[in-house]
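*Asks:* For reference, the structure I am asking about is given below.
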Amino acid sequence: MRTRAPRWLAATVGALVLGLAGPGVVSVRAQGGYALVEGWPQYPSDMQFEMGTGIAVGADGVIYTVARDVDHWASHPLAMSRYKGRGSIARWNRDGRFLGMFAEAQEFIGPHSMYIDGRGFVWVVDREGHQVVKLTPEGDKVIAVGEYGVWGDDPGHFNGPTGVVFLPDGRFVVSDGYWNSRLVWFAADGSYLKEVGGLGTEPGQMASPHAIALAPDGTLIVANFCALNAHPYVTSPGQIVEARRTPLTGCVQRYDVWSQEGEYLGPFGDAIADPGLALSVAVYGDRIYFGHTGSRPGRQHITVVDGETKQVVDRLENASVYVHQMAVDAQGDIYIASVYPEHGGEPRGIAGPSFLRWSRTAR
């Protein structure tokens, strides 16, 4: 397939010298050997959605994308009818050929992210549905934690969950982060175990945990996103507590590190000390992928860090409007789900950059 860099993207291809701020950090030479694949994916002409939000790659190389077909609008009087959100999952091969829809019987209100675990189960985090749903490879529901469409801050409810990560012993951890500020542990069967966090800027507190991943060393990396009152139009009266209606004084966008048992270990190191907007994180093999804005204005970047040395090994500049979620295939290509394309002057739906593939052109 031909590749190009459209008017709103300027990929850094070739050698890039990064001057990284922070004590003890030296400049790192990284290779931005990626090219944007034109026309990926190849949408059916009748496909309709508003924006992409999540993306995952299966062990067989199939790419799964989840989109908000209809953006939720809870504050509208007709929210539970015309303005209730709706989401769907599609499947694609590496070349972008459409392989059909997935789990069409499931009703997602506002999907935020998706994952495929080591056993092939597909997980969807439904932000406006306030649930995390585990599906079989055939699309049948296995478990769901949280009460569908009902928000809260207790063992049985979420308030805008954002991500999920799977621990080696079968437990999983949910970042309950849009209008709560906590990480919640569950047993493999979905039973509640414990939670940590809380709104604040002290060690172990957080603002909005927007993404979560399991690092190569076994620790958890959490994107601490400082927006507390984000997207109020999708919420109901009383859903956003008063403490979240004003900026959190002293909040710093950062990536935090936690143990698998919920002990706060501090911020992730100097390699990503200035994330700007800390939005996403993903781990594939021994590499950690951070999606963030950085100190310079513009679109989001991807910084790739070696999981052992914690040093930058690659960087993709201006990867998309927002790197909301990333996935990486066996060849090293990066797939991106990007929300709100209009913030970059692009259209929603199939005409815009909701899903992207950056091909690894240099090894």
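*Asks:* Just a yes or no: is a residue in region 73-85 in a strand (DSSP E or B), over 28 Å from Ser208 (Cα atoms) and out of contact with any Lys or Arg (no Cβ under 7 Å at 6 or more places or on another chain)?
*Replies:* no
*Asks:* Name the residue, out of Val339, Val305, that is free of Cβ contacts under 8 Å to residues at least 40 places away in the same chain, surrounded by 19 or more Cβ atoms within 10 Å (Cβ to Cβ), touching a strand residue (DSSP E or B) at 6+ places or on another chain (Cβ under 6 Å) and closer than 25 Å to Asp117 by Cα.
*Replies:* Every option except Val305 fails the conditions.
*Asks:* Okay, next question. Would you call Val142 loosely packed, with under 14 Cβ neighbours inside 10 Å, touching a strand residue (DSSP E or B) at 6+ places or on another chain (Cβ under 9 Å) and part of a strand (DSSP E or B)?
*Replies:* Yes; evaluated as a whole, the condition is true for this residue.
*Asks:* Working carefully through the options Val184, Val222, Val234, find the one that is on the phi < 0 side of the Ramachandran plot, among the hydrophobic types (A, V, I, L, M, F, W, C), under 15 Å from the mean Cα position of the chain (by Cα) and surrounded by 19 or more Cβ atoms within 10 Å (Cβ to Cβ).
*Replies:* Sole residue among the options that is on the phi < 0 side of the Ramachandran plot, among the hydrophobic types (A, V, I, L, M, F, W, C), under 15 Å from the mean Cα position of the chain (by Cα) and surrounded by 19 or more Cβ atoms within 10 Å (Cβ to Cβ): Val222.
*Asks:* Given the conditions (1) crowded, with 17+ Cβ neighbours inside 10 Å; (2) touching a Ser or Thr at 6+ places or on another chain (Cβ under 9 Å), and given that Tyr284 satisfies all but one, which numbered condition is not satisfied?
*Replies:* The failed condition is (2).
*Asks:* Name the residues in region 144-166 that are within 30 Å of Pro216 (Cα to Cα) and more than 21 Å from the chain's Cα centre (by Cα), would you?
*Replies:* If the condition is that a residue be within 30 Å of Pro216 (Cα to Cα) and more than 21 Å from the chain's Cα centre (by Cα), then Pro155 is the only one that fits.
*Asks:* Another one. Can you go through Trp185, Trp179 and tell me which one is modelled with pLDDT of 95 or more, out of contact with any His (no Cβ under 8 Å at 6 or more places or on another chain), of a type in the set (Phe, Trp, Tyr) and assigned to a strand (DSSP E or B)?
*Replies:* On inspection, the qualifying residue turns out to be Trp185.
*Asks:* Does Met114 satisfy the criteria of being in a strand (DSSP E or B) and exposed (fewer than 15 other Cβ atoms within 10 Å of the Cβ)?
*Replies:* The answer is no for Met114.
*Asks:* If you don't mind, another one. Taking only pairs six or more apart or across chains, which ones have beta-carbon atoms under 7 Å, a first residue in region 271-300 that is closer than 21 Å to Gly163 by Cβ, and a second residue that is among the small types (Gly, Ala, Ser) and at pLDDT below 85?
*Replies:* Note: pairs meeting the criteria are Pro275/Gly294; Gly276/Gly294; Gly276/Ser295.
*Asks:* Can you find a residue in region 57-74 that is farther than 24 Å from Gly352 by Cα and modelled with pLDDT under 90?
*Replies:* yes
The values are calculated or read from the model by the stated rules, or taken from the named source; none is laboratory data. Since this is a predicted model, take the numbers as computed values, not measurements. All Cβ positions, even for glycine, are placed from backbone atoms using ideal geometry, and neighbour counts span all protein chains on display.
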